[in-house]
1. For the pairs K217/K374; K337/K374; K218/K374; K171/K374; K171/K217; K286/K346, note any where the Cα-Cα span goes beyond 20 Å.
2. If you build a Gaussian network model of the chain, linking Cα atoms that sit under 10 Å apart, which residue out of A322, A265, A33 swings the most?
3. Which whole-Hz ³J(HN,Hα) couplings does the range 144-151 yield from phi under the Karplus relation 6.51 cos²θ - 1.76 cosθ + 1.60, θ = phi - 60°, glycine and proline marked x?
4. Which of T151, L235, A141 sits closest to the plus end of the dipole of the range 133-249, meaning its Cα is farthest towards the positive end, when Lys and Arg get +1 and Asp and Glu get -1 on the C-beta?
5. From the alpha carbon gyration tensor of the chain, can you work out the equivalent ellipsoid semi-axes (sqrt of 5 times each eigenvalue) and give them in Å, largest to smallest?
6. With point charges of +1 on the Cβ of Lys and Arg and -1 on the Cβ of Asp and Glu, referenced to the Cα centre of the chain, which listed residue (S333, L302, A128) lies farthest in the positive direction of the dipole?
7. Pick out which of S223, S255, S71 has the largest mean-square fluctuation in a Gaussian network model of the chain, springs linking Cα atoms closer than 10 Å.
8. Taking the mean number of other Cβ atoms within 10 Å as a proxy for protection, how do you rank 183-191, 390-398 from highest to lowest?
Amino acid sequence: MTPNAAAGPSGAPSAGGLTAEERLLRDTAREFAQREVAPTAIERDEQERFDRSIFTRMGELGLTGTPLPESIGGGGFSYLGWALVMEELGAADMATAVTLSVHLLSQFPVLSYGRPEQIERWLPPMLAGEALGAFCLTEPAGGSDAAALRTRAERIDDGPDAGGYRLTGTKIWISNAPEADRYLVFATVDPSKGPKGITAFLVEKGVEGFRFGAHEKKMGIRSCPAAELIFDGALVPAENRLGEEGGGYRIALSSLAEGRISIGAGCVGIARSALEQAAGYLQQRKAFGAPLAELQGLRFMLAEMARDVAAARALVHEAARAKDRGEPLGEVSSLAKWTASDTAMKVATDAVQLFGGSGYSRETGIERLMRDAKGAQIYEGTNQIHRSIVADAVLKRSATPG
Ligand SMILES: Cc1cc2nc3c(=O)[nH]c(=O)nc-3n(C[C@H](O)[C@H](O)[C@H](O)COP(=O)(O)OP(=O)(O)OC[C@H]3O[C@@H](n4cnc5c(N)ncnc54)[C@H](O)[C@@H]3O)c2cc1C
């Protein structure tokens, strides 16, 4: 092990195994997150206020396309580098991290499944941080059961819009809406076909027949907006269908497998922040004539928190490296997101306990970490769904001869 390879007692991320570029990227993201995101995180959460200037600034710093190719305006970094950025943002403010993660989640499918002209038309303003993206799968009838979605895409057979589609239906829980400019929308061309009818479409804000419904009133990540989308015969031109008719379900699942790694990384950031703040508080706060840090029961809690942060980070990095090696992501990204979100929830809850009444106050920002962590156990696949994905993979392996 090199001198740098272990996580320190504060749970700070290791520098071991990172390239010079990855270290520079991480340091840039950390400085930005701590100077320009963290100071307003409590206030933005309290006011449920999305601050577009933070997104614009991330564009200026090149963070809005970190792992996408330089040839189209991305950062050209490894996926591990992207995970480092997300940990830094998560440590400062998970709401900002989720905005960026969803923005990227809406871009990966265009890169993987788009035609060259779609890539050139759709991605550059998003990579530059000029256009914000949203990923639109969930509906009232289907969250975990995404194949049950009901939004219809009816193909137009004749007239000036022939080859295009009309979308009709409702999406719920769409992060970044209504602020986002570009929406990756999944709809079915034939509900009787189940997953085989699902098709992906690129939809711009402002299209006639596309509007926003209620804003979600959330427990956590409150400065990342989320809203209902309502499609009432919205016209999507033929050139905005992404991939084949019926290919949308595969597009959605493969993109989510990538997105889960970045959500896992953001959760490591939440847990790290909780750990570091708790460590500081135990040394500063006195009870019965001595710092809390001298009480063995509390020291052991802190040690377990550090253990959990390090273990979650190792899994997230393993998943990111698997992505960089081009390996299948289903199982490893589920393991990473499930473990990291459970870790964030546990470590943040422990931090609230260690802070006592101060932890329960909305003024210190500690309870915010706990509220923010809770959502990550639900979105991008609930942690029950991840158990199911992992069990399927384990059983498949054991059933394979040899
Ligand atoms: C903060 C937040 C942001 C979100 N952002 C987006 C977004 O940007 N885009 C988007 O499309 N969606 C988004 N969602 C929606 C999210 O993806 C869904 O909430 C999630 O997939 C769960 O679906 P559901 O809410 O319908 O719950 P359900 O699917 O109804 O699940 C209810 C409960 O049943 C369990 N369950 C369901 N099926 C199974 C099963 N087969 N085995 C075991 N347990 C099961 C679930 O784990 C859960 O505990 C967001 C949600 C939240 C909370």
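1. K171/K374; K286/K346
2. A322
3. Running phi through 6.51 cos²θ - 1.76 cosθ + 1.60 with θ = phi - 60° gives 4, 8, 5, 5, 8, 4, 10, 4 Hz.
4. A141
5. Three semi-axes, in Å: 38, 22, 20.
6. Going by the Cα projections, it comes out as L302.
7. Result for the chain, Cα springs under 10 Å: S71 fluctuates most.
8. 183-191, 390-398
The numbers here are math on the coordinates, done by the rules we state, and not lab data. Note that the structure is predicted; figures quoted are calculated from it, not measured. Quick reminder, even Gly has a Cβ in these numbers, built from the backbone with ideal geometry, and neighbours come from all protein chains shown.
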